[in-house]
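The values are calculated or read from the model by the stated rules, or taken from the named source; none is laboratory data. Bear in mind the structure is a predicted one, so any value in this text is a computation, not a measurement. Ideal geometry is used to build each Cβ from the backbone, glycine not excepted, and the neighbour counts take in all protein chains shown.
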Amino acid sequence: MSQIDSILGLPDLAILAVDRKKDIHVWAKPHTRPHCLHCGASVLRVKATCERTLKHTRQGNQVLVLHLSVPKYHCKACGRYFRHRFAGIRPRLRCTEAYRLEVFEAHDGGVSQRKLQLTHRIGTATVERWYQSQIGQRISELSGRSCPQVMGIDEHFFTRKKGYATTLVDLKNHKVFDVVLGRSEPSLRGYLGRLTGKDLVRVVVMDLSETYRSIARQYFPNAQIVADRFHVVRLVNHHFLKLWQLQDPLGRKDRGLLSLMRRHEWKLQPDQRLSLDRYLQQWPVLHALYRAKQRLMRLLLVKTVNAKKAKQLLPRFLALLEQFEHSPAKTLAATLKDWIEPIVGMWRFSRSNGITEGFHTKMEMLSRRAFGFRNFENYRMRVLAQCGWNGIINRV
């Protein structure tokens with residue numbers, strides 16, 4: 001095959017003529033005769049020939065229109081008929097697969113349907129239909145994946161009518177694994193029951209949700225549950241601010257003191273530390289709670305340590321919990337003791353649900369750009385298209 005015959009990017013085509021007018025018109029025919037599709041014989045005769053007109057691709061501002069001669073063969077060996085099959089061209093379509101993929105990638109990259117209607121000379125409904133078709137094909141390929149080894153699980157709001165949805169994220173590859181409507185065990189039971197590769201999950205990162213912890217224990221038996229560090233730190237700060245409110249309601253409203261109380265002690269400037277110490281001297285109970293909270297924060301922020309180091313830190317952590325149990329912060333101590341294994345698991349891993357929260361922000365932007373979704377499957381398809389894969393469809 002010559003170079004001019006292969007310029008179309010379609011194999012086994014011979015170019016007969018090229019005419020450049022408003023568009024580029026190319027007439028082509030099969031380069032060779034195939035074998036019979038039914039019996040494999042090579043004794044064929046051409047019974048008839050029809051012409052198909054297809055849009056193939058764009059060159060500059062011109063659309064390349066392919067006029068293809070399609071022979072209809074009669075096999076002398078088995079007596080059956082069939083039409084010539086072309087790679088990259090599906091039957092009964094008015095464009096090639098390359099053209100559909102070109103429109104899909106342009107629309108997925110941000111080109112509007114109205115702009116594609118002008119440049120590619122197709123309707124906006126056609127653009128949407130092709131986009132849905134390509135995404136649906138990709139999602140069907142992704143649906144057979146096994147569960148990731150490191151999984152993040154969290155909830156996000158979908159609509160007021162349908163409530164919340166659960167997001168499963170592959171934290172190792174930074175991809176959304178799936179989105180499921182509902183956040184309770186009964187609503188997720190059907191999906192989790194037919195999920196493949198649940199035994200492959202080694203780590204599940206989550207916030208301090210009892211529902212998700214029971215789900216992880218039931219459906220991911222080999223996984224270690226790790227608490228999300230952000231939510232643990234936020235829980236400690238929330239309880240400390242409530243205790244401060246009980247001790248000194250007026251001081252709690254001071255925005256300057258609030259800023260100092262929220263910061264870590266080791267990040268304060270010398271003058272800020274001196275000002276905070278002068279205030280805490282007036283409240284001995286609050287002063288003791290603040291010191292214990294800072295020691296607890298240093299332990300909670302430890303990460304990526306080995307098992308030996310974690311065992312050395314555990315007695316210090318238990319001693320702090322014992323101290324909190326005999327203080328006004330006994331509710332906080334009970335919660336931390338209930339989640340002690342997932343919290344200790346934070347020391348061994350650096351993964352957190354920050355990736356999941358970032359995807360939730362992107363999902364919210366997708367919903368706003370669409371002015372909201374009513375159909376959850378359309379929403380799920382868009383989320384997986386934008387957050388679950390790299391947006392590139394590979395063709396052989």
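Looking at R129, R83, R92, R100, just one residue is basic (K, R), free of Cβ contacts under 8 Å to residues at least 40 places away in the same chain and loosely packed, with under 12 Cβ neighbours inside 10 Å, and that residue is R92.
In segment 255-270, the residues that are assigned by TED's automatic domain parsing to the domain that holds L286 and in a helix (DSSP H, G or I) reach residues that are of a type in the set (A, V, I, L, M, F, W, C) and surrounded by 10 or more Cβ atoms within 10 Å (Cβ to Cβ) with C-beta atoms within less than 6 angstrom, at least six apart or across chains, in these pairs: L260/L276. For beta carbons closer than 6 Å, sequence separation of 6+ or different chains, a first residue in segment 203-215 that is assigned to a helix (DSSP H, G or I) and a second that is modelled with pLDDT of 95 or more and surrounded by fewer than 17 Cβ atoms within 10 Å (Cβ to Cβ), there are no qualifying pairs. Filtering segment 178-191 to residues that are in contact with a helix residue (DSSP H, G or I) (Cβ under 9 Å, 6 or more places away or on another chain) and of a type outside the set (D, E, K, R) leaves V179, V180, L181, G182, S184, L188.
Here A216, A223, A227 are screened, and the one residue that is surrounded by 15 or more Cβ atoms within 10 Å (Cβ to Cβ), closer than 22 Å to S352 by Cβ and in contact with a Lys or Arg (Cβ under 8 Å, 6 or more places away or on another chain) is A223.
Examine segment 42-49 for a residue that is more than 29 Å from T119 (Cα to Cα), outside any strand (DSSP E or B) and in contact with a Leu (Cβ under 9 Å, 6 or more places away or on another chain), and state whether such a residue exists. Within segment 42-49, none of the residues are more than 29 Å from T119 (Cα to Cα), outside any strand (DSSP E or B) and in contact with a Leu (Cβ under 9 Å, 6 or more places away or on another chain).
Evaluation of R291 against the conditions (1) in contact with a strand residue (DSSP E or B) (Cβ under 9 Å, 6 or more places away or on another chain); (2) closer than 23 Å to E265 by Cβ shows that the sole unmet condition is (1). Figure legend. Inter-residue proximity from segment 50-78: first residues buried (at least 16 other Cβ atoms within 10 Å of the Cβ), second residues of a type in the set (G, A, S), beta-carbon distance below 7 Å, spacing 6+ or different chains. Indicated pairs: H56/A98; T57/A98; L66/A28; L68/A28; C75/A41.
Being touching a helix residue (DSSP H, G or I) at 6+ places or on another chain (Cβ under 7 Å) and assigned by TED's automatic domain parsing to the domain that holds V383 is true of V169. Among residues of segment 347-358 that are among the basic types (K, R) and surrounded by 17 or more Cβ atoms within 10 Å (Cβ to Cβ), those with a Cβ under 6 angstrom from a residue that is modelled with pLDDT of 85 or more and not in a helix (DSSP H, G or I), sequence gap 6+ or separate chain, pair up as R351/V150; R351/L171; R351/V205. Considering every residue within segment 86-102, establish whether at least one is closer than 27 Å to M381 by Cβ and hydroxyl-bearing (S, T, Y). Yes, because at least one residue in segment 86-102 is closer than 27 Å to M381 by Cβ and hydroxyl-bearing (S, T, Y). Checking each residue in segment 131-158 for being assigned to a helix (DSSP H, G or I) and in contact with a strand residue (DSSP E or B) (Cβ under 9 Å, 6 or more places away or on another chain) picks out only L142.
Yes/no per residue for (1) within 20 Å of the chain's Cα centre (by Cα); (2) modelled with pLDDT of 90 or more:
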position	(1), (2)
R85	no, yes
Y99	no, yes
G110	yes, no
W130	no, yes
R145	yes, no
V150	yes, yes
E155	yes, yes
V176	yes, yes
R183	yes, yes
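Checked against the criterion of being surrounded by 13 or more Cβ atoms within 10 Å (Cβ to Cβ), over 25 Å from V383 (Cβ atoms), of a type outside the set (F, W, Y) and out of contact with any His (no Cβ under 6 Å at 6 or more places or on another chain), the candidates L142, L241, L188, L246 yield just one match: L241. Within segment 216-238, the residues that satisfy the criterion of being free of Cβ contacts under 8 Å to residues at least 60 places away in the same chain and outside the structural domain of F324 (by TED's automatic domain parsing) are R217, Q218, Y219, P221, N222.
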